1. Summing Lys, Arg as +1 and Asp, Glu as -1, what charge do residues with Cβ under 14 Å from the Cβ of LEU77 carry, LEU77 excluded?
2. In sequence order, what are the phi-derived ³J(HN,Hα) couplings for the stretch 46-57 according to the Karplus relation 6.51 cos²θ - 1.76 cosθ + 1.60 with θ = phi - 60°, rounded to whole Hz, with x for glycine and proline?
3. Within straight cross-link reach of LYS21, meaning Cα distance under 28 Å, which lysines are found once same-chain residues fewer than 8 apart are removed?
4. Calculate log10 I(q)/I(0) of the stretch 3-80 for q = 0.26 Å⁻¹, where I(q) comes from the Debye formula with a single equal point scatterer on each Cα and nothing for solvent.
5. Tell me the mean residue ellipticity at 222 nm calculated for the chain from its helices only (DSSP H runs of n ≥ 4, each -39500 (n - 2.57), averaged over every residue, nearest 500).
6. Calculate one ³J(HN,Hα) per residue across the stretch 64-75 by plugging θ = phi - 60° into the Karplus curve 6.51 cos²θ - 1.76 cosθ + 1.60, and present them in order as whole Hz with x for glycine and proline.
7. Quick check: residue separation of ASN19 and LYS48 times 0.36 nm, minus the Cα distance between them. What number comes out in nm?
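Values quoted throughout were computed directly from the atomic coordinates according to the rules given, and no laboratory measurement underlies them. Note that this is a predicted model, so its numbers are computed, not measured. In this analysis, Cβ positions are derived from the backbone assuming ideal geometry, glycine residues included, and neighbour counts consider all displayed protein chains.
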Amino acid sequence: MSRNSLEKVLYDLSTSGANKKMFAGDPTKFLSRYQLDDEEKAMVAGYKVREIADRGVNTMLTWGFWLQSGKENHDYLKVMKREEA
């Protein structure tokens, strides 16, 4: 749909513990609140931060989204450099 919709999702997840819980419990239900197409929903649900950033989303948001999930910073850097397996 748009970069703005993706940024809104990541911002909402980074600023609200309730949103994080809802997303962790049922990503599909949580993401249905946003104007995202199926591909975008899959990118968010799958933590595809490189693909999200390729859509123009601010990388501070993708980084925060990655870290709030409990994933490691060094793994984020690998993904962003396209070095992941």
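1. On the way: positive: ARG50, LYS71, LYS78, LYS81, ARG82; negative: GLU72, ASP75, GLU83, GLU84.
Net charge around LEU77: +1.
2. Result, ordered by residue: x, 6, 7, 5, 5, 5, 5, 4, 4, 7, x, 5 Hz.
3. LYS8, LYS29, LYS41, LYS48, LYS71, LYS78
4. Log10 I(q)/I(0), no solvent term: -1.41.
5. Calculated mean residue ellipticity at 222 nm is -19000 deg cm²/dmol.
6. Result, rounded to whole Hz: x, 4, 4, 5, 5, 7, x, 7, 8, 4, 5, 6.
7. Between ASN19 and LYS48, full extension yields 8.6 nm more.
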